[in-house]
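Remarks on the structure that follows.
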Amino acid sequence: MAGRVCLALGIDDPVEWLHQAPPRVVRFWEAFFRVEPFGCEWERSALQASMLSALTATVAASAGAKHPKVYQLRDFMPANWESAHRSTRPNMKSIAAFKAMAKRYAPKE
């Protein structure tokens, strides 16, 4: 949290800032971070883009497209990106839930 705050405020030394900042200021930023997390903007945008890609591919497939391309989150991230949440296995529960939701909005024949 201190690193993100210091980046936004232009402070070079987060450790020094933590030692000098009044405890109420640090508590405020910690509470704010719990309510509205900051950072990971790339990852959030990439997640939204990959979800839009999946939706677009589903719509294209329902319109008869053969093998529409679905882009993954990592396709929208910088090449040197590392994440603890990164997985090589798809989340089948999420995919099943998405397919069930997409069926409800599929055009009726």
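Overview of values
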quantity: Potential extension, GLN20-ASP75 segment - 0.36 nm per residue separation minus Cα distance; calculated: 15.7 nm
quantity: Computed E for HIS67/GLU41 - FRET, C-beta separation, R0 41 angstrom, nearest 0.05; calculated: 0.80
quantity: Environment charge at GLU30 (Cβ cut-off 15 Å; Lys +1, Arg +1, Asp -1, Glu -1); calculated: +3
quantity: Extended-chain gain in nm, criterion 0.36 nm per residue less alpha-carbon gap, THR56 and ASP12; calculated: 11.5 nm
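Here, each number is a calculation from the coordinates, and none is a lab measurement. Keep in mind it's a predicted model, so treat the numbers as computed, not measured. Glycine also receives a Cβ, built like all others from the backbone with ideal geometry; neighbour counts cover every protein chain displayed.
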